[in-house]
Structures are given as C-alpha cells and as structure tokens.
Ligand SMILES: Nc1ncnc2c1ncn2[C@@H]1O[C@H](COP(=O)(O)OP(=O)(O)OP(=O)(O)O)[C@@H](O)[C@H]1O
Ligand SMILES: [Mg+2]
C-alpha cells in the first residue's frame, strides 16, 4: 500500500533521547512508521525505551532529537502539540489516570473534554454527540451496567475497561496505549487487549500499544516492533518473529549492535 509520508499516523526518524543524569540512551536512533489502521505492538525488555517512545509521540517528552510527525503534523522537542492534534490522539496510561471518586459514566464522558469547545468544557456542558460517543464506548467495552459505580469501587480489570472506554469516547484517530493490560490475569489480558484492537479496527483507528507479553501481542497485532537498549531490533509481522529471536531480544546479554554509551 502506498502512503503519502505526511499522512502516516506516525513517522519518526533518528529519534534520540537521554534523560538528564542518565549514562545510557533511552532512545538510540529509532526509525519507525505506522500506517493508517494498523495495530502495532511494541515489545522488548524493561528499560528498552517503549514508554519513552510513546511519551515522545504523545508530545510530552522534552529535549529529544530527530524528526517525528504524528497524524501528519510535525512534533517539536520544545513545544506541546496543538489542541486540535491533542483531540485526535488518545493515550491509555498504565495507571489509567482515572478520576477515582467520580462515576464510570463521568470518567468516560471526560474522554470528550478535548473535543468540546473550551468554554463549554469549562462549564461542564456536554453535547448530544458527547453523550452518544460515551454511550457507545460503554457498550463496546461491556461496562454499561457499571455506569453509576464510582471508579474507586471497581476491580483492576473493570478500571482498565473504563480507561479504554474513556479513550474510545474521545474517538481518536490514533491510540497510544502503554501496557494497557498490565494489571490483568492472562485470560482477561487477552480479552481486554482483543477488545481494544477490535474496537480500534472497527472505528478505523490506528493503535500502537506496548506489552510485556509478546505471545499475546502477536495474537492481536498486525505487526510487532521489538525494542532493546533504545533501538528497534525487530519490525515485522508476528509470524516472522520466531521464539529463538524473541528469546535473544529478552536475554540480558548485550546484543551484537549494542548502543554506544552517551559521551
Ligand atoms: N523519567 C525518567 N527519568 C530518568 N530516566 C528514565 C525516566 N524514564 C525512563 N528512564 C530510563 O530510560 C530508559 C528507557 O525507559 P522506558 O521507561 O522508556 O523503558 P520501557 O521499555 O518502557 O520499560 P518497561 O517495560 O519497564 O516499562 C531506562 O533506562 C529508564 O531507566
Ligand atoms: Mg514502560
């Protein structure tokens, strides 16, 4: 499929980042593109740079080098993305970032905040379109019956669904999800991740998620990108990632092309 680079949901070249005070690269030269509608899993050992990459693409990382555009708009290392782009990118945090004392319904409706005009949102006014999107997200994630329950009275799995519903209510073109099923048992992980991928596909959204369960990621993703030491070390369809290669990526021993230390 041909794609105009400017229209790719994600296009990144030569991404480099090191956190202040660290002696290693968090990103050591990442080239990476995602096509519209793709479901891509980002895997790799702890500290590989997965969250750093997602944070950068979400416009929350400062001081990085390289070039990145998200939904056709260039990202800068020094400035936050504009309001319009913000509304088009949904982020699911590992810790959910829900309003604990508010109801499920209120949390899901909060997903619409970026889409409401600033004054209406200040006054807490929602439109018919906001209600319809929140309602659809509740139904799609199977938590409609929990709508009036306070979030701090939910199980981990239910909270994870609320976080996903809030993101879907936003109707983003691109969903970035950092370990969206990290707190769930294996069966629920598979169910919730499949749900996220399915709803993203149904809605024509592009999905990039990180996972510590490569086998599960391979079940739901169109493509696997594996990172190690701030670099992409595998990029291809799940069926091309063989267990020996995967084992090598996760082993503690240095890889052949280990990144140089920060000078
Ligand atoms: N806020 C921070 N300040 C300093 N160093 C950081 C910070 N966040 C991450 N790092 C470092 O940057 C590197 C990449 O971390 P990152 O969180 O991106 O890895 P990850 O692949 O998401 O790991 P995990 O699977 O454990 O979530 C690591 O060496 C980590 O220690
Ligand atoms: Mg992480």
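Values quoted throughout were computed directly from the atomic coordinates according to the rules given, and no laboratory measurement underlies them. Please read all numbers here as calculations on a predicted model, not as lab measurements. Every residue, glycine as well, gets a Cβ built from its backbone with ideal geometry; the counts of neighbours run over all protein chains shown.
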Hits in the stretch 9-37 (condition: within 15 Å of the chain's Cα centre (by Cα) and within 16 Å of ligand 1 (Cβ to nearest atom)):
32
Helices (runs of 4 or more DSSP H) wholly inside the stretch 46-134 containing at least 3 residues that are within 16 Å of ligand 1 (Cβ to nearest atom) and within 30 Å of residue 251 (Cα to Cα):
50-57
Please state which one of 39, 99 is buried (at least 18 other Cβ atoms within 10 Å of the Cβ) and closer than 23 Å to residue 183 by Cβ.
39
Is it true that residue 40 is touching a residue at least 12 places away in the same chain (Cβ under 8 Å), under 14 Å from the mean Cα position of the chain (by Cα), more than 16 Å from ligand 2 (Cβ to nearest atom) and under 20 Å from residue 223 (Cα atoms)?
no
Residue under question is residue 78, and the condition is that it be touching a strand residue (DSSP E or B) at 6+ places or on another chain (Cβ under 8 Å) and exposed (fewer than 15 other Cβ atoms within 10 Å of the Cβ); does it hold?
no
I need every pair where a residue in the stretch 45-60 that is closer than 13 Å to residue 209 by Cα has its Cβ under 6 Å from the Cβ of a residue that is in a loop (DSSP other than H, G, I, E, B) and more than 8 Å from ligand 1 (Cβ to nearest atom), sequence separation at least 6 or different chains.
55/61
Would you say residue 12 is under 25 Å from residue 171 (Cα atoms), within 16 Å of ligand 2 (Cβ to nearest atom), in contact (Cβ under 8 Å) with a residue 40 or more places away in the chain and outside any helix (DSSP H, G or I)?
no
On the basis of being assigned to a loop (DSSP other than H, G, I, E, B), within 16 Å of ligand 1 (Cβ to nearest atom), buried (at least 23 other Cβ atoms within 10 Å of the Cβ) and in contact (Cβ under 8 Å) with a residue 12 or more places away in the chain, does residue 172 make the cut?
no
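In the list 150, 231, which residue meets the criterion of being surrounded by fewer than 16 Cβ atoms within 10 Å (Cβ to Cβ) and either in contact with a strand residue (DSSP E or B) (Cβ under 7 Å, 6 or more places away or on another chain) or more than 30 Å from residue 131 (Cβ to Cβ) (or both)?
Going through 150, 231 in turn, just one is surrounded by fewer than 16 Cβ atoms within 10 Å (Cβ to Cβ) and either in contact with a strand residue (DSSP E or B) (Cβ under 7 Å, 6 or more places away or on another chain) or more than 30 Å from residue 131 (Cβ to Cβ) (or both): 150.
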Sort out which residues of the stretch 43-54 are within 19 Å of residue 172 (Cβ to Cβ) and within 9 Å of ligand 2 (Cβ to nearest atom), and write them in order of number.
51, 54
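Inside the stretch 84-105, can you point out the residues that are closer than 22 Å to residue 128 by Cβ and out of contact with any strand residue (DSSP E or B) (no Cβ under 9 Å at 6 or more places or on another chain)?
Within the stretch 84-105, 87, 105 meet the criteria.
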